[in-house]
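Working notes, structure below.
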Amino acid sequence: MFINKALKIAHTTSCLLDASTDMDKWSVFLESGYELINAQGGAVAHFRFQNKKLNFNLFHNVKGDIEELKRKSLDCLPTDPINSRAGQTPGKPHTCRQLASVDEIYALPYYKEIFIHTGMEA
């Protein structure tokens with residue numbers, strides 16, 4: 001079992017390295033990453049207040065129109081308090097649950113309009 005998990009981690013790491021230089025390969029990385037943690041799908045968001053040209057949100061295996069979800073997501077991110085908290089440690093990746101309580105997350109427009117709407121959480 002350990003060898004199988006180690007191979008999955010190595011594969012996901014390889015996919016991440018490929019995706020770091022080619023945006024078209026992010027979907028392969030996301031699929032591998034979600035498979036590694038036994039998730040059916042999800043999203044990865046990157047938001048910069050200083051340079052909005054670097055913002056992106058990637059979805060994998062979610063319900064809904066992906067382009068509409070990306071637009072809605074980027075519209076919600078500037079007002080999301082989690083982003084300002086994440087901005088206090090630039091360059092460090094975070095999950096939402098590291099930066100806010102569950103109740104706070106459930107109250108966010110981003111959570112309601114993206115996570116619930118897409119089926120990432122019920």
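Only the coordinates and a few stated rules stand behind these numbers; no lab work does. Remember, it's a predicted structure, so these values are computed and weren't measured experimentally. A quick note on method: Cβ atoms are made from the backbone with ideal geometry, for glycine too, and the neighbour counts reach across all protein chains shown.
A few comments on the model shown:
- Some residue of the stretch 10-17 being touching a Lys or Arg at 6+ places or on another chain (Cβ under 8 Å) and not acidic (Asp, Glu): yes
- Residue within the stretch 60-73 that is of a type outside the set (D, E, K, R) and more than 27 Å from Ile116 (Cβ to Cβ) present: no
- Contact map, the stretch 31-54: first residue touching a residue at least 60 places away in the same chain (Cβ under 8 Å), second residue among the hydrophobic types (A, V, I, L, M, F, W, C) and part of a loop (DSSP other than H, G, I, E, B), Cβ cut-off under 8 Å, separation 6 or more or different chains; pairs are Gly41/Val62; Gly41/Met120; Gly42/Val62; Gly42/Met120; Ala43/Val62; Ala43/Met120.
- A Cβ distance below 8 Å, combined with a sequence gap of six or more or placement on separate chains, defines the contacts here; from the stretch 102-122, residues that are touching a residue at least 12 places away in the same chain (Cβ under 8 Å) reach residues that are of a type in the set (S, T, N, Q) and surrounded by 15 or more Cβ atoms within 10 Å (Cβ to Cβ) in the pairs Tyr110/Ser73; Ile114/Ser73.
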